[in-house]
Amino acid sequence: MKDEVTREERLDNLKGMGCSRKRVEDARFTQGKGNYVDDIKLDGMLFGDFVRTPYAHARIKNIDTSAAMQVPGVLAVLTAADLEPLGLHWMPTLAGDKQMVLADGKVLFQGQEVAFVVAEDRYAAADGIEAVEVDYEDLPVIVDPFESLQSDVVLREDLVAEDGSIPDGAHGPRTHPNHIFTWEAGDKQTTEEVLANAEIVAEESMYYHRTHPCPLETCGCVASMDKVNGKLTLWGTFQAPHAIRTVVSLISGIEEHNIRVISPDIGGGFGNKVGAYPGYVCSVVASIVTGKPVKWIEDRMDNLISTAFARDYWMKGRISATKEGKITGLHCHVTADHGGFDACADPTKFPAGFMNICTGSYDIPTAYLEVDGVYTNKAPGGVSYRCSFRVTEAVYFIERMIEVLAIKLNMDAAELRRVNFIRKEQFPYKAALGWEYDSGDYHTAWDKALKTVDYDGLRAEQAQRIEDFKAGKTRKLMGIGLSFFTEIVGAGPVKNCDILGLGMFDSCEIRIHPTGSAIARLGTISQGQGHATTFAQILASEIGLPADSITIEEGDTDTAPYGLGTYGSRSTPVAGAATAMAGRKIRAKAQMIAAYLLEVHDNDVEFDVDRFVVKGAPERFKTMKEVAFAAYNQAIPGIEPGLEAVSYYDPPNMTYPFGAYVCVMDIDVDTGVPDIRRFYALDDCGTRINPMIIEGQVHGGLTEALAVALGQEIAYDDMGNVKTGTLMDFFLPTAWEVPNYETDYTVTPSPHHPIGAKGVGESPHVGGVPCFSNAVQDAFRAFGNTHTNMPHDHWRIWKTANELGLHG
Amino acid sequence: MSKKMHIKLKVNGKDEEFLAEPRELLIYTLRERLNITGPHIGCDTSHCGACTVTINGKSVKSCTMFVAQADGGDITTIEGIGGPDDLHPLQEAFKEHHGLQCGFCTPGMITRAAKLLEENPNPTEEEIRFGMAGNICRCTGYQNIVKSIQAAAAEMNAAKEAAE
Ligand code: FES
Ligand code: FES
């Protein structure tokens, strides 16, 4: 056969790894033809919605549903009393605690689900909700975790024994009825010794405020129990459809093969859609009770006040160093506010997630971390909002401690970082708090970043600005925010990562069709990351069929292989690896077929882009397309017909993406308004699968970081009322508030990942929050500021300026 | 439940006539009564713009209008802006420049952007950012949305020039 096309053209034709392939998802979304859960409409479908408590802590004396049952269109009102005989009034949480599905005798946070009204449509459901009468007796409210640990008020009577003793929790001994766990990592005694004998010690307390992932689409589901076949179908906004199937089976008793969970298109997740919520359970029960499909969709306020908060960490740090700035030790204590139930979404053995990555990118020989989880009258959740488990907290902590130490040392913060970075030759690097970093080249990235932004020039400009400010020539200060982060993603190795006992592997199954196209199914689910585009690129490079000829399917548990889903930037590190490995199995079989067709030994052919060629005779080859056909139409001795493969990938380690960010902002001290002049983001996520998508992820993650650092929060008053329950008060930046970002990269492939990729979706958030915050704080450094808490909204910035005496 | 009202609308060029409670919000009329599910719901407070449609030549957040207020109106949703055979330049540009990720904001974004470009065929970046500030996107950080709109504007202007 003669070959007209060049190798270059054949490569381009594949649209494999490394090219900015346009997204295959976009056609339907741009034409309004996405299929999100609220778009699902089934015959006779009913609508369910919750009666929610206005009280943050109250006993429920009575629930009267009789008037609601008279409301036209209302078919049923479920309360805990209805769920109790089924054992469904409580459900297990991902964190080893349990949580009320519907209020069982008391409520623990404002917005908690009290009753579920099922009606013909949402208007009738809303009318029904109005007519349910609940008699509350209010109890003292605790919104402060420190107060909670001192208080006589017991929030969870169910966790105190009859004799008043406090049984152990899922993560060991508890010291107070409102205490959930103490979790520690590192060497306490040595760390204390190092700190006690250090030349320099800097200390700081910081609050990483409570916030919320707030994807544009809220959570929801449609449950449909087919009583004839005994099958339950559950569509929903699930970041982990298989895990949801297992959970539903475990708590409902319906056998797992009779449950089909489908995640349709998902309108953003960012961690919000990992957990299991009362709405899912109530919809399933309501469908069983009524025999009809039941839809439940949160409104925005429901979403913000009841499902999946993030952060809420009170962190206290001490960091020691030599006079020259070499860090010698780090101590971190966290008081973690988990709300009324411990529903944090973390791997089982990590109740504080991967907070023990808090030594950051630095070679810190000795460290100790202790985290105390505490109950309060706030919503449960504790999800990883666009980060791997608690990594945003960890990185914020260390990147603030570095700045505070730089102030104490009177040293440039960029230089302090440079002298403490883990050096390239130290990888794989075993950190003091237990993790083994797989790879990194921090100095190269840092130097590139500082050079690109002309760091020295910026500092000179800033010094001039301070002069001008003092001379009354300007009212604007200039802040230079730095951050260097190391993420830990790709949970994770089954030996230490599981959720509800399910190992955190992931999977891919590939079928090659006779004419040389393919379908691949995965255990993950895209929420905007573009899996249908990028996973096809990985496969295209691995098996030599064009990405355009490969369909990627996710999210249907009846067809997709088991996987733990998409969050914590785990899709590329875990499912991406499974995809490559499954592709390699295909290739191995295809090689044997090609050898047979070419009448040579298996080892005499080699793979080249889209074909197998006879070694030393490149004019003799079989394309993958030809091989695919042969797999179905020829009887090949010793080889089964067909061309399919499946891979379950258990990663040997996490991957450790990193990056260097610089933010330059001007701050008007009289209005407190920051103007972001420049934002430079260098990311190293290892092998880059699709640069266009990586850049898009960086833009999006930085914007969410901007929101969190500069204004977004879930705030409570003393009575436990949520003060930021709508988008009126909960800050989501618009195009008007957001700058243009400069993106850049270095490439340090992961040594243990089959294609060297590390995951990127969350890095910009992890690195962005401290960068924005450091910029604000840096603007005031010359005037005596060491630390102020986020979010740095205009009022708080103004207050900082005022407290520093800058308003004359 | 109050008395139903007789409503007439033109939606994407098609006449619709039905009885509806006066409290019915236009977004539910579109999504649930007429099965036009392109416009989405992202909030309860008129902030997000996921529900944006065009009514009588103006961008409107359909979650904030009763269907009774829209009576007699001429409505265009994303479905009326372009389909597989007649894609709007904005629909092409959003794909070309990665102006979307999860896609949930996209129908509202494109519907609003189409109106913006009608009102101002040559917007500056600042005018685009200001003109789109009623539409929230949680995924993209807007940079590529701005780029997409700029590209579509250039494309549309070039086509207009070529036609003249
Ligand atoms: S749904 Fe948010 S503005 Fe209409
Ligand atoms: S693409 Fe997800 S909200 Fe805009």
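Since every read-out is calculated from the coordinates, none of them should be taken as a lab result. Note that the coordinates shown come from a computational prediction; the quantities given were computed from them, not determined experimentally. So basically every Cβ, Gly included, is an ideal-geometry build from the backbone, and we count neighbours across all protein chains shown.
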(message) I want the local charge near A:L458. Using Cβ-Cβ distances under 11 Å, sum +1 for each Lys or Arg and -1 for each Asp or Glu among the other residues.
(response) 0
(request) May I ask you to list the lysines whose Cα is less than 16 Å away from that of A:K495, ignoring any residue fewer than eight positions away on the same chain? (result) A:K349
(request) Sum -39500 (n - 2.57) across every DSSP H segment of at least 4 residues in the protein assembly as shown, then divide by the residue count to get the 222 nm mean residue ellipticity, nearest 500. (result) -8500 deg cm²/dmol
(request) For region B:89-163, divide the Cα radius of gyration by the Kirkwood radius and give the resulting Rg/Rh value with two decimals. (result) 0.94
(request) Please give the FRET efficiency for A:E120 paired with A:A170, using the beta carbon to beta carbon distance and R0 = 56 Å, rounded to the nearest 0.05. (result) 0.85
(message) Spelling out what I want: for every residue of region A:711-717, take phi, set θ = phi - 60°, compute 6.51 cos²θ - 1.76 cosθ + 1.60 (Karplus), and round to whole Hz; glycine and proline get x.
(response) x, 7, 7, 9, 10, 10, 8
(message) Kirkwood hydrodynamic radius, chain A, all distinct C-alpha pairs: what's the number in Å?
(response) 28.0
(request) Using label points projected 7 Å from each Cα along Cα→Cβ, tell me how many nm separate B:N35 and A:K424, to one decimal. (result) 6.1
(message) I'd like the Karplus ³J(HN,Hα) series for region B:117-126: coefficients 6.51, -1.76, 1.60, θ = phi - 60°, whole numbers in Hz, and an x wherever there's a Gly or Pro.
(response) 6, 5, 6, 9, x, 10, x, 6, 4, 4
(request) Just tell me how shielded A:20-29 is by partners: mean number of partner chain Cβ atoms within 10 Å of each residue's Cβ, no decimals. (result) 5
(request) Starting with the fewest neighbours, write out A:E113, A:E324 ranked by other beta-carbon atoms found within 10 Å of each beta-carbon. (result) A:E324, A:E113
(request) Distance between Cα centroids, region A:269-309 to region B:131-145: provide it in whole Å. (result) 27
(request) Report, as an integer, the average count of C-beta atoms from other chains found within 10 Å of each Cβ along A:213-219. (result) 6
(request) Return the whole-Å distance between the Cα centroid of region A:155-202 and the Cα centroid of region A:642-678. (result) 31
(message) If R₀ is 25 angstrom, what is the calculated FRET efficiency for the pair A:A67 and A:M719, using the beta carbon separation as r and rounding to 0.05?
(response) 0.35
(message) For A:K615, give me every one of the lysines with a C-alpha distance below 23 angstrom, ignoring sequence neighbours fewer than eight places off in its own chain.
(response) A:K2, A:K585, A:K589, A:K625
(request) Please list, or write none, the lysines whose alpha carbon is within less than 16 Å of the alpha carbon of A:K231, excluding same-chain residues fewer than 8 places away. (result) A:K292
(request) List A:S320, A:S20, A:S361 from most exposed to least, where exposure is judged by having the fewest other Cβ atoms within 10 Å. (result) A:S20, A:S320, A:S361
(request) Place the peptides B:136-146, B:122-132 in order of packing, highest mean first, counting for every residue the other Cβ atoms within 10 Å and averaging per peptide. (result) B:136-146, B:122-132
(message) So, R0 is 22 Å and r is the distance between the beta-carbons of A:D558 and A:K41; what FRET efficiency does that work out to, to 0.05?
(response) 0.60
(request) Just add up the charged neighbours of B:K115: K/R +1, D/E -1, any other residue whose Cβ is under 15 Å from the Cβ of B:K115. (result) -1
(request) For the pairs A:K273/A:K408; A:K378/A:K476; A:K408/A:K470; B:K95/B:K115; A:K424/B:K95; A:K295/B:K4, note any where the Cα-Cα span goes beyond 30 Å. (result) A:K273/A:K408; A:K378/A:K476; A:K424/B:K95
(request) Please give the peptides A:332-343, A:158-169 ranked by average Cβ packing (other Cβ atoms within 10 Å per residue), highest first, as a rough proxy for protection. (result) A:332-343, A:158-169
(request) Net charge near B:L100: determine it from the other residues with C-beta under 9 Å of the C-beta of B:L100, scoring Lys and Arg +1 and Asp and Glu -1. (result) 0
(request) Could you work out how far apart the two model spin labels at A:E203 and B:M5 are, taking each label as a point 7 Å from the Cα in the direction of the beta carbon, and quote it in nm? (result) 6.6
(message) For A:G711, what residues show an amide H to amide H distance below 5 Å, using hydrogens built from the backbone and excluding near sequence neighbours?
(response) A:H792
(message) From the phi angles alone, apply the Karplus equation (6.51, -1.76, 1.60; θ = phi - 60°) to region A:365-377 and give each ³J(HN,Hα) in whole Hz, x where the residue is Gly or Pro.
(response) x, 9, 7, 8, 10, 9, 10, 10, x, 9, 7, 9, 8
(message) Give the average, rounded to an integer, of partner chain Cβ atoms located within 10 angstrom of each Cβ in A:302-309.
(response) 1
(message) Taking the beta-carbon count within 10 Å as an exposure proxy, list A:D506, A:D793, A:D412 from fewest neighbours to most.
(response) A:D412, A:D793, A:D506
(request) Search the structure for amide H atoms under 5 Å from the amide H of A:K758, placed 1.01 Å from N in the peptide plane, and list their residues when 5 or more places away or on another chain. (result) A:T687
